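*Asks:* My questions all concern the structure below.
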Amino acid sequence: EAQVTQNPRYLITVTGKKLTVTCSQNMNHEYMSWYRQDPGLGLRQIYYSMNVEVTDKGDVPEGYKVSRKEKRNFPLILESPSPNQTSLYFCASSLVRNSPLHFGNGTRLTVT
Amino acid sequence: GESVGLHLPTLSVQEGDNSIINCAYSNSASDYFIWYKQESGKGPQFIIDIRSNMDKRQGQRVTVLLNKTVKHLSLQIAATQPGDSAVYFCAENQSNQFYFGTGTSLTVIP
């Protein structure tokens, strides 16, 4: 089944403890991206990747890192999480830039 | 960043009626637009898309209209069903980035 898989679905952590949210797609998509969704603000782009080894900042990249070593994987790294990064995170992929984004089921992160 | 907004945060319609959800976008350079549906606890699901060289596109029970003159996008859902209850939001693509609206919550009254 064609899908975007994120893990974990739920994560509770403490301030400063490094964490990684994994994202994998099995559709051979070139474009991948990360978003956070907060009430009243909608989805905001954190980082995106046009292809392997190519990543760029979105609108809210501060406090996040990404890597794209393989086409299928696009992990989101929080080196030192803070409470303001408590949010619902979505990974998405698309075949190319101007094609429909396919979303994962989300990761709900709570930083205390 | 870009500004993509919706005209109404909530919309209630009777089952069987048509629904219209509106979206305004701010950047005339945006060349690709998508409508998504999001149900509680799930990721956004693709509904329909349209490119800037078109002004209308139809799918199954859904139609997207694009008015570039006033930078307005709408989603029409025909014969709305209870399963259509969800949050709907639009997205625009400009310079390799997607910008999303905050969403309209559609409630279908049986």
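Just so it is clear, none of the values below were taken in a lab; they were calculated from the coordinates. Because the structure is predicted, anything quoted here is derived from the model rather than measured. Every residue, glycine among them, receives a Cβ derived from its backbone with ideal geometry; neighbour counts consider all protein chains shown.
*Asks:* Which one, A:F74, A:T13, A:Q37, projects farthest toward the positive side of the charge dipole computed for chain A from Cβ point charges (K/R +1, D/E -1)?
*Replies:* Working it through, the farthest residue towards the positive pole turns out to be A:T13.
*Asks:* In debye, nearest 20, what is the charge dipole magnitude of the protein assembly as shown about its Cα centre with +1 on Lys and Arg Cβ and -1 on Asp and Glu Cβ, if you could check?
*Replies:* Once rounded to the nearest 20, the dipole reads 400 debye.
*Asks:* Okay, moving on. With unit charges on the beta carbons (Lys and Arg positive, Asp and Glu negative) and the dipole taken about the Cα centre of the protein assembly as shown, which residue among B:A79, A:Q85, B:C23 sits farthest to the positive side?
*Replies:* Farthest towards the positive pole: A:Q85.
*Asks:* Taking H as built 1.01 Å from N, whose amide H comes closer than 5 Å to the amide H of B:T107, not counting residues under 5 places away?
*Replies:* Those qualifying (amide H under 5 Å, at least 5 residues apart or on another chain) are B:L11, B:S12, B:V13.
*Asks:* Just need the relative contact order of chain A here, percent rounded to a whole number, with Cα pairs under 8 Å and 6+ apart.
*Replies:* Reported relative contact order: 36 percent.
*Asks:* List the residues whose amide H sits under 5 Å from the amide H of A:N105, counting only those 5 or more places along or on another chain, with H placed 1.01 Å from N in the peptide plane.
*Replies:* So A:N105 has HN proximity to A:Q6.
*Asks:* I'd like the FRET efficiency for B:Q76 and A:T20, computed as 1/(1 + (r/R0)^6) with the beta carbon distance as r and R0 of 41 Å, rounded to 0.05.
*Replies:* Step by step, r from the Cβ atoms, then E = 0.50.
*Asks:* Which lysines have a Cα less than 18 Å from the Cα of A:K17, not counting those fewer than 8 places away in the same chain?
*Replies:* Within the straight-line cut-off, A:K17 pairs with A:K65.
*Asks:* If you don't mind, there's one more thing I want to ask. Pick from A:K65, A:K57, A:K18: which is most flexible by mean-square fluctuation in a GNM of chain A where alpha carbon atoms under 10 Å apart are linked?
*Replies:* A:K18
*Asks:* Which whole-Hz ³J(HN,Hα) couplings does the stretch A:43-49 yield from phi under the Karplus relation 6.51 cos²θ - 1.76 cosθ + 1.60, θ = phi - 60°, glycine and proline marked x?
*Replies:* For the stretch A:43-49, the Karplus-derived couplings read 7, 10, 7, 9, 9, 9, 9 Hz, x marking Gly and Pro.
*Asks:* Over the whole of A:38-47, what's the average partner chain Cβ count within 10 Å per residue? Rounded to a whole number, please.
*Replies:* For peptide A:38-47, the averaged partner shielding equals 4.
*Asks:* To continue, here is another question. Given the options A:Y35, A:Y89, A:Y64, state which has the largest fluctuation in a GNM of chain A using a 10 Å cut-off (strictly under) for Cα springs.
*Replies:* A:Y64
*Asks:* Which whole-angstrom value gives the distance between the alpha carbon centres of the stretch B:8-79 and the stretch B:82-110?
*Replies:* Here the answer is 7 Å between Cα centres.
*Asks:* I've got another one for you. Between B:L75, B:L11, B:L66, where does the largest GNM mean-square fluctuation fall for chain B, given springs only between Cα atoms within less than 10 Å?
*Replies:* B:L11
*Asks:* For B:K68, go through the aspartates and glutamates and keep the ones whose alpha-carbon is under 13 Å away, minus same-chain ones fewer than eight residues off.
*Replies:* Filter leaves B:D31, B:D55, B:E92.
*Asks:* Rounded to whole Hz and in sequence order, give me ³J(HN,Hα) for the stretch A:73-79 from the Karplus expression 6.51 cos²θ - 1.76 cosθ + 1.60, θ = phi - 60°, writing x for Gly and Pro.
*Replies:* So the J values, rounded to whole Hz, are 10, 8, x, 10, 10, 10, 5.
*Asks:* Enter the mean number of other protein chain beta carbons within 10 Å of the beta carbon of each residue in A:97-106, as an integer.
*Replies:* Per residue, the number of nearby Cβ atoms from other chains is 6 on average.
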